[in-house]
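**Student:** One structure coming up, written as structure tokens, with questions to follow.
Since every read-out is calculated from the coordinates, none of them should be taken as a lab result. None of the values given here were measured: they were computed from a predicted structure. Cβ placement follows ideal geometry from the backbone for every residue including glycine, while neighbour counts extend to all protein chains displayed.
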Amino acid sequence: MTFNLTISVADLLLLLPEIFLTCWLCVVLIVDFSCPRLPHTRLAFLSVIGLAATLACLVWFDAAHVSGSLFGNMFVLDRMAIFFKMFVVGSTALVILASMQYVDRFTLFRGEYYFLVVMSALGMMFMASANDMLSLFVSIEFSTLGFYILVGYLREDLTSNEAGLKFFVLGVFAAGLLAYGISLVYGETGKLVFSEMTPTHTTGTMIGFLLIFAALGFKIGAVPFHSWIPDTYHGAPTPVTAFLSIAPKGAAFAILIRLFFVALASFKPIWVLLLVAVSILSMTYGNIVAIAQRNIKRLLAYSGIAQIGNVLIGLAAGTKMGSDAILFYLLTYLFANIGAFAVVIAVAQAIGSEEIDDYSGLNRRSPFLAFAMLLFLLSLAGVPPLAGFIGKLYIFIAAVKEGLYTLITVGLINIVISMYYYLVVVKKMYINEPTDPSPVSISGPMKAVVYIGLAGTLVIGIYPQPVIEWVVDATLMFSNMVGPSAVISPSLPPFGG
Amino acid sequence: MVEYILLYILFAPFAGALALIFVSNRQPMLVRGIAVASTFVCLVAAVYLFYAYDPVKGGFQFVQKFQWSKELGISLHLGVDGIGTPLVLASAVLLFTGVFVSWHITDRTKEFYIWLLILAAATIGVFMSLDLFFLYFFYEMSVIPMYLLLGMWGSHTKKYLEMTDPEGVKLRDSVGFIFNFGANSKEYAAMKLVLFLSAFAVMALMGILLIYKYSGLNTFDILVLREQANLMNIPALGTTLDKIIWILVFFGFASIAPIWPLHSWSPVGHAAAPAATSMLHAGVLMKLGHFSIIRVAFEILPDTTRELMPIAAVLCVFSIVYGGLVAFYAKDTKYVIGYSSSSHMGYVFLGMAALNYISLSGAVIYMFAHAMATGMLFAMAGWVYDQTHTRDLPSLGGLSNKMPFIAGCFVVGCMASIGMPGTVNFIAEVMIIVGSWNKYPLQVIVAVLGIVLTMAYLFNMMRAVFYGPMSQKYSHTRDAVATVDRLPLLVMIAVSVGFGIFPMQLYDVVRSGVDPLVAKITYVTPVARTDDETGGIGRDPDLGADRPSRLAIHPRSLASYASREHE
């Protein structure tokens, strides 16, 4: 096969956000090297400014309906790609704001921290646009590379080192699976671009796709590929945990949606079963194990596994509405999770603990933080009028239209299970009395992150229509996806009478 | 301006809660002032709504519809009929009085009122929702504030496990402890309540999602669904789909009502809750169950309701007898009132099960009446607890010396709860009993015996708390003398007695809501009948023949219903 690599200036425009961020990345690095005395918070603001400019550019792209593809369809820019790029860039900016205080803990390489975070974000922006197997592999590895270093950034902390090593070993293993899967699929179909593939039901393709799914399952942390999640989330620096729990999930779902809806559209009856099984396992395992957690980061790690199970319901629906619901759900998850982690960082900064028992009486020590945490946890649990409820309902509506009743039943039961452990944290914060009643203070940038999280959680929960319209438009290219129920659903009786 | 009245009622408490966020806890009077102001607006609007509702016109009035999400088929569709109107009024009255009942809360006053206002606003939201999504939205929204209200301001029953009655038998061995063996802390009660209600709420949500799917209309609007989605004879799981949906919706919502055997969260929750929360909980939160069943199951699945409502007729007997017996043996003031509430909710189910104009109207009026009666009792139990710091009946006694006003009101509250003539409860009880007699004579006999039982345990409690010798340790207790303390009780007594003596407006309003519903459920249209017979799902062919005589359709109402439909 040949690649046509002649690029015009107009083509480069499609890459503008990535090119801009790459240049900005160099600027950040150069500033860091040339001014060693510069406080690292300046670098943080510099990175945030760059990300904000990228976000503005993406908003402009979205408003102007810029779209196109490059390098023989390896790189596509459609509205879904723009959505996920905005998701990644936005969450990265919030993570940097939330980590400004935390970075003081690093003894060395404070400036490089921001460089690595933004570099990973750059990789994930390419993931959002990846439309063939090669760009999929390269962009995934590119983004994960930064994470390998970030997870082990607390050099003196053994748990952080352990987390880094665990993440690295399993990550490389997943990369191996991915490469092997891609080679098998390429050998069978002779194509790399998703939209050009016409896979047949041969053993090679099946195994290849299973391996690719396993590697992506590792990225999103779905059961049974979740084993790295709890330890890595626990040991990693908390802002990195927040980053890891949000941005890569979004980017990986961009790839999963393209892979399943475009490349594997003809395999739908098979992958629906696969996704149903993985989704049920993720939700149930994540929620049940979360009950036993005593550390808030581990609790959020397991709850994250369960949330991913919920998102997979939308994928299993396999319709345009399912993909809308995934986008919507991920956005609600972004606000609730970044907010919850911001509160965890703020509390850990003040009281030096991430144990749930130490959240006792947080309501008396900092009513604002406790209230924010309450809303974030309830949004994750799916309680109206918060964004998480609409997200869950959107997913369920998409699934019920396809007749996935088992999946919905399990999902609904899991809402109740999850409510228990979220409410245990709420109980500690609100009902228990504090052992140390000194007030908990919170820094400015952290407050900004919490406010953004609260605003997102409440506004989307109370008036989601603009966001719904946005995600519906963003996935218009899947409007020809039909569900399995279109064939097997019982015919409706005539109305009236 | 008047057409937005429902928005005022719904959003006044929300606005109050929002305003309270910006007030400091160091200004408790300002906090209370905002709470009173917002609930007063809510109350005045609700009273206006009640009298402005036109029972001759009937149907849904003051309807507001705002498109909320076109893709999901959701709109904020608000409107009240004759069933919702009195319940909105009851909620507003109990919210307003509840603010005064909790006047003396000093710990985190602001947060308390915020959650109380959100709780009440959410329940009011259910009573005026004409959209299944928002009905569930507000329903589930009312659960979480309960958790915090119980957990943060509730009271423990720590010693309860060790308490013995005069014969020396441990209370944990008494009837009431079958399901409540862990009921020794407010945290337990709060968690149990939330998990129980959420578990059954998602069951109802499953039913709602199935309605959404199989109606094929891509809408959650109840008014659209009830016109078009009434035939769901799709075979599923060995029966028809409509039956499965009905069961999901009925038991999902009946858990909050609470029907036996899904009641065990309720008395524990009542006991742990602070007074105002108990009032709202027993007064209006439990009615969410009946109301949602009427709104969803009765409106959208009338044929299935006719077939399956006997389930409620069976279970209500257990509710009445079991709740009454436990209340009789309980030794805790709030447990007595809590179990009496779950017993009295059985009457509502009986009225609903009989499915005729009189009994269903009686059931709706009973919901309203019970809200006032039980609100009074919980307010006074809360006052007694605040003064004596105990809810243990054997250790109380003779308090009428110290608190004559409370004792006097308590007598009125008991009378109302029993259903003395002169209170609105009497009218409701008589209507339920008379209305259900033709169809369920056995249940009616049990219900009448239940009234006797109610008398027994309420008088027993009255004697144990207010009469007899008084322990010296209660010599410091005081009566409700301040206006803020007396006002809530007087308001509730006034409403209860006022509607007991002049029930016509209430009756007309309720009838205007009940008539079209009963006509729709019991009046079998020819088309549907042939469908049923040709469908042949093992139905008794004689049932259709003798149905009119057994259900005693009111000819006038039917005629008016028919003419109304043609308009």
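**Student:** I need A:103, B:411 ordered by Cβ neighbour count within 10 Å, fewest first.
**Tutor:** Values: A:103 20, B:411 14.
Going from sparsest to densest Cβ surroundings: B:411, A:103.
**Student:** When the dipole is taken about the Cα centre of segment A:278-480, and only Lys, Arg (+1) and Asp, Glu (-1) are charged at their Cβ, what size is it in debye, to the nearest 20? The partial results should precede the final answer.
**Tutor:** On the way: 11 positive and 10 negative charges, 28 e Å.
That gives segment A:278-480 a dipole magnitude of about 140 debye.
**Student:** Continuing with this model, one more query. When all alpha-carbon pairs of segment A:278-480 are counted, what percent fall beyond 22 Å? Could the numbers behind the result be given before it?
**Tutor:** Working: 9640 of 20503 pairs.
For segment A:278-480, the fraction of Cα-Cα distances above 22 Å is 47 percent.
**Student:** Further, regarding this structure: Which whole-number percent gives the relative contact order of segment A:278-480, counting Cα pairs below 8 Å spaced six or more residues apart?
**Tutor:** Once normalised by length, the contact order is 32 percent.
**Student:** Would you pull out the residues with amide H under 5 Å of residue A:223's amide H, same chain only if 5 or more places away, H placed 1.01 Å from N?
**Tutor:** Those lying under 5 Å, H to H, from residue A:223 are A:282.
**Student:** Can you show me the helix-derived [θ] at 222 nm for the protein assembly as shown, built from DSSP H runs with n ≥ 4 at -39,500 (n - 2.57) apiece and divided by the number of residues, rounded to the nearest 500. Intermediate values should be presented prior to the final figure.
**Tutor:** Numbers: 44 runs with 737 residues, N = 1064.
Mean residue ellipticity at 222 nm (helix-derived): -23000 deg cm²/dmol.
**Student:** I'd like the projected area of chain B, averaged over all directions, using the convex hull of its alpha carbons. Report it in nm² with one decimal.
**Tutor:** Numbers: hull surface 100.2 nm².
The Cα convex hull of chain B, projected and averaged over all directions, gives 25.0 nm².
**Student:** If you place +1 on the Cβ of every Lys and Arg and -1 on the Cβ of every Asp and Glu, how big does the dipole about the Cα centre of segment A:137-211 come out, in debye to the nearest 20? Each step should come with its number before you reach the end.
**Tutor:** Numbers: 3 positive and 6 negative charges, 21 e Å.
Result for segment A:137-211 is approximately 100 debye, rounded to the nearest 20.
**Student:** May I ask for the net charge around residue B:510, where only other residues with Cβ less than 14 Å from the Cβ of residue B:510 are counted and Lys, Arg are +1 while Asp, Glu are -1? Intermediate results must be reported in sequence, preceding the final value.
**Tutor:** On the way: positive: B:287, B:511; negative: B:54, B:81, B:508, B:515.
Neighbour charge sum, excluding residue B:510 itself: -2.
**Student:** In whole Hz, with x marking every Gly and Pro, tabulate ³J(HN,Hα) for segment A:265-276 from phi via Karplus 6.51 cos²θ - 1.76 cosθ + 1.60, θ = phi - 60°.
**Tutor:** So the J values, rounded to whole Hz, are 4, 7, 8, 3, x, 6, 6, 4, 4, 4, 5, 4.
**Student:** While we're on this one: Can you give the extra length, in nm with one decimal, that the chain gains between residue B:420 and residue B:18 once fully stretched, where that is 0.36 nm per residue apart less the Cα-Cα distance?
**Tutor:** On the way: separation 402, 0.36 × 402 = 144.72 nm, distance 4.13 nm.
Length gained, residue B:420 through residue B:18: 140.6 nm.
**Student:** Sticking with this one: For the pair residue A:266 and residue A:10, how long in nm is the line joining their label points, each one 7 Å along Cα→Cβ?
**Tutor:** It works out to 3.4 nm between the two label points.
**Student:** Please compute one quarter of the surface area of the Cα convex hull for the protein assembly as shown and express it in square nanometres. It would help to have the intermediate numbers written out before the result.
**Tutor:** Values: hull surface 175.4 nm².
The orientation-averaged projected area of the Cα hull of the protein assembly as shown comes to 43.8 nm².
**Student:** Over chain A, what portion of Cα pair distances is larger than 37 Å, expressed as a whole percent? All intermediate terms of the calculation are to be shown ahead of the outcome.
**Tutor:** Values: 29280 of 123256 pairs.
Result: 24 percent of Cα pairs exceed 37 Å.
**Student:** Could I ask something else about it? Hey, fewest Cβ within 10 Å first, where do B:393, B:49, A:407 land in order?
**Tutor:** Details: B:393 20, B:49 23, A:407 27.
With the sparsest Cβ surroundings first, the list reads B:393, B:49, A:407.
**Student:** Give the long-range amide H neighbours of residue B:68: residues separated by 5 or more places, or on another chain, with amide H under 5 Å away, using H modelled in the peptide plane at 1.01 Å from N.
**Tutor:** Correct list: B:74, B:75, B:76.
**Student:** Within segment B:392-408, name every residue whose backbone N is under 11 Å away from a label modeled 7 Å from Cα of residue B:473 along the Cβ vector.
**Tutor:** Residues B:392, B:395-396 qualify, since their backbone N sits under 11 Å from the label point.
**Student:** Hey, what do the phi angles of segment B:85-92 turn into as Karplus ³J(HN,Hα) couplings, whole Hz, using 6.51/-1.76/1.60 and θ = phi - 60°, x for Gly and Pro?
**Tutor:** 4, x, 6, 4, 4, 4, 4, 5
**Student:** Which lysines does residue A:249 reach when only Cα atoms under 29 Å apart count, and residues fewer than 8 places away in its own chain are ignored?
**Tutor:** Excluding near neighbours in sequence, the set is A:85, A:166, A:191, A:219, A:268, A:297, A:320, A:392, A:401, A:447, B:70.
**Student:** While we're here: Could you derive backbone 3J(HN,Hα) for segment B:119-136 from the dihedral phi with the Karplus parameters 6.51, -1.76 and 1.60 (θ = phi - 60°), listing whole Hz in sequence and x where the residue is Gly or Pro?
**Tutor:** These are the phi-based 3J(HN,Hα) values: 4, 5, 4, 5, 5, 4, x, 4, 5, 10, 7, 10, 9, 4, 4, 6, 4, 5 Hz.
**Student:** Once you list every other residue whose beta carbon is under 13 Å from the beta carbon of residue A:24, what net charge do they have if Lys and Arg are +1 and Asp and Glu are -1? Each step should come with its number before you reach the end.
**Tutor:** Details: positive: none; negative: A:18, A:32.
Result for the local shell: -2.
**Student:** Note down the magnitude of the dipole of the protein assembly as shown about its Cα centre, charges +1 on Lys and Arg C-beta and -1 on Asp and Glu C-beta and zero elsewhere, to the nearest 20 debye. Don't skip to the end; give the middle numbers.
**Tutor:** Details: 60 positive and 60 negative charges, 325 e Å.
Here the size comes out at about 1560 debye.
**Student:** Same structure, new question: May I ask you to compute the full-extension gain from residue A:19 to residue A:158, defined as 0.36 nm times their residue separation minus their alpha-carbon distance, rounded to one decimal in nm?
**Tutor:** Numbers: separation 139, 0.36 × 139 = 50.04 nm, distance 3.72 nm.
Computed gain between residue A:19 and residue A:158 is 46.3 nm.
**Student:** Another one. What is the spin-label model distance, in nm, from residue B:434 to residue A:479 if the labels are put 7 Å beyond Cα along the C-beta direction?
**Tutor:** 6.1 nm
**Student:** Relative contact order for chain A: what is it in percent, counting Cα pairs under 8 Å that are at least 6 residues apart? Spell out each step's value before the answer.
**Tutor:** On the way: 798 pairs, mean separation 70.5, N = 497.
That works out to 14 percent.
**Student:** Specify which residue in the list B:239, B:359, B:406 is farthest towards the positive end of the charge dipole of the protein assembly as shown, using unit charges on the beta carbon of Lys, Arg (+1) and Asp, Glu (-1), about the Cα centre.
**Tutor:** B:406
**Student:** Just want the answer: with Cβ charges of +1 for Lys and Arg and -1 for Asp and Glu, which residue in A:232, A:247, A:209 is farthest toward the dipole's positive end in segment A:186-268?
**Tutor:** So the residue furthest toward the plus end is A:247.
**Student:** Between rounded, prolate and oblate, where does segment A:393-484 land on the alpha carbon gyration tensor, with a ≥ b ≥ c its root eigenvalues, rounded for a/c under 1.5, else prolate if a/b exceeds b/c? Can you show the working numbers first?
**Tutor:** Numbers: a/c = 4.34, a/b = 1.64, b/c = 2.65.
The shape class here is oblate.
**Student:** Using a 10 Å cut-off around each Cβ, can you sort A:259, A:281, B:355 from fewest to most neighbouring Cβ atoms? Write down the numbers at each step before the final one.
**Tutor:** On the way: A:259 22, A:281 18, B:355 25.
Ascending Cβ contact count within 10 Å gives the list A:281, A:259, B:355.
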